[in-house]
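Here is the structure we will look at, set down as structure tokens.
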Amino acid sequence: MPSKQSLANKSHEGEIFLEGSALSRGIAIGYPLFLDSIEVDIPEISIEPNTIQNEVERYKQALYATKNDLISLKCSLEQEGIKDGVEVLDAHVQLTDDPLLNIQVEEEIAKVRKNAEFVLSRVMKGFSKKFSKMQDPFFQQRFEVVQDIYKRVYDHLSKTKRECLAEIPAGSIVFAQSITPSSAAEANRKQVAAFVTQFGGAMSHMAIVAKAKGIPYVANINFSKFAKLAKSKVVIVDGLLGRIIINPNEQTLNEYKQLQGDIQSHFDKLKSGCVLPSATLDGEKIRLSANVEIADDFSQLQQFGAEGVGLFRSEYLVLRRGCFPTEEEQFEIYRNLIEHMSGFPVVIRAFDLGMDKILTGYPQAKESGQGTRAIRFLLKEKEIFTLQVRAILRASIHGDVRILFPMVSSVSELREAKDVVYRAYDALLKEGYNVPNTIKLGCMVEIP
């Protein structure tokens, strides 16, 4: 099996190597398909005062049709069992009811007396200027959703036929400036071998959908000047190194085919070993626990032989939504995880937010050092912390659950965190909830 490093150092005449960011792992070999990303000229048409309401209704119908598209697509992902994709499209469906996309556009149509396509485009350009000045990942994700909905609404207004990724030739490697999450959600793994875009980030909804579908995805590739050259050529997408190889020679092609086969064989071998006990050669039993951060992981835990969850990174429930889930939403997620583990221990880490995991509206540290990260953030925002603890305590009646406090640096922080647990426990008993007599508490001693 050729190593990734040996492949990284290869270079042959006639081959073109492009470097980018690997956002969804895997190797793909196929033929490129370029999505049309040319901006169309949107006509500016004045309308009479007595036709304003008709134009508003036309916009409402396009938005309603978009919402139905997204609901239908969400149902398809639910049937496929792609939970992370469902969560992404949930955000899309909810945003179709946001005043940002309906009332503001409707009022603007009445104000400027122009056709809906033109007004929608103008409103979107205004959003683009505002969002481009915001570096916060939450706002970047939100604008990604807004753009996705905008494109679908515009297509309904203009009666443009969109290129559906479920209907492209099998084995296509899709090249585009950017791909909307809802378009990616339509992709069939047999049709789409990989995604390649000029823009994209690891926490984008597009990356989440690609991972959930198991489709290799490499972003931040500047391929525009090679588009004509590549249209009839074989392309390799290396989702391990973040590399695109256009027009690979026979040797490179054979090496990547070998790598593809070796990866699959290695995976099959590991999968067949899942039924074996986790033990050393001299028979010493070892508990193999899993690290988990997304809901899709739950169903695979026992399939791959996990005998517990050593760390559930609960903060990703917040980061992927852009807001804190309610106590009830958390309770259902934790209960689902615990029940999947059928009595094996589950360690739930309290929200580890701050530094590189920043949420809009809260003053987590961007500065060096610990700042208000992790336990310090939780102790500052005790209402959020208490709701999470309550949800975990309520769910813990269904199995063996432990709570882990993140990045504790002093005994006083540990005592204060334990006090939050004791108070939540007493409150739940008074409210009549069934909670276990004891729960194990632990902490991460992790400081710069």
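The values are calculated or read from the model by the stated rules, or taken from the named source; none is laboratory data. Given the structure is predicted, the values throughout are model-derived calculations rather than measurements. Quick reminder, even Gly has a Cβ in these numbers, built from the backbone with ideal geometry, and neighbours come from all protein chains shown.
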Hits in segment 288-319 - residues which are surrounded by fewer than 19 Cβ atoms within 10 Å (Cβ to Cβ), modelled with pLDDT under 80 and either assigned to a loop (DSSP other than H, G, I, E, B) or among the charged types (D, E, K, R) (or both): 293, 294, 296, 305
Condition set of a type in the set (D, E, K, R) and not in a helix (DSSP H, G or I), scope segment 142-181, selection nearest to residue 193 (Cα to Cα): answer is 167
List the residue pairs whose Cβ atoms are under 6 Å apart, where the first residue sits in segment 273-289 and is of a type in the set (S, T, N, Q), the second is assigned to a loop (DSSP other than H, G, I, E, B), and the two are 6 or more positions apart or on different chains. 278/286; 278/288; 289/308
Tell me, yes or no, whether segment 192-201 has at least one residue that is of a type outside the set (A, V, I, L, M, F, W, C), at pLDDT below 80 and not in a loop (DSSP other than H, G, I, E, B). no
Restricting the search to segment 155-179, which residues are modelled with pLDDT under 80 and closer than 24 Å to residue 214 by Cα? 162, 163, 164, 165, 166, 167
So which of 193, 176 is under 30 Å from residue 96 (Cα atoms) and either in contact with a strand residue (DSSP E or B) (Cβ under 6 Å, 6 or more places away or on another chain) or aliphatic (A, V, I, L, M) (or both)? 176
Hits in segment 402-430 (condition: modelled with pLDDT under 95 and not in a helix (DSSP H, G or I)): 406, 407, 408, 409, 410
In segment 397-448, the residues that are in contact (Cβ under 8 Å) with a residue 24 or more places away in the chain, out of contact with any strand residue (DSSP E or B) (no Cβ under 7 Å at 6 or more places or on another chain), among the aliphatic types (A, V, I, L, M) and within 18 Å of residue 387 (Cα to Cα): 397, 420, 424, 427, 428, 435
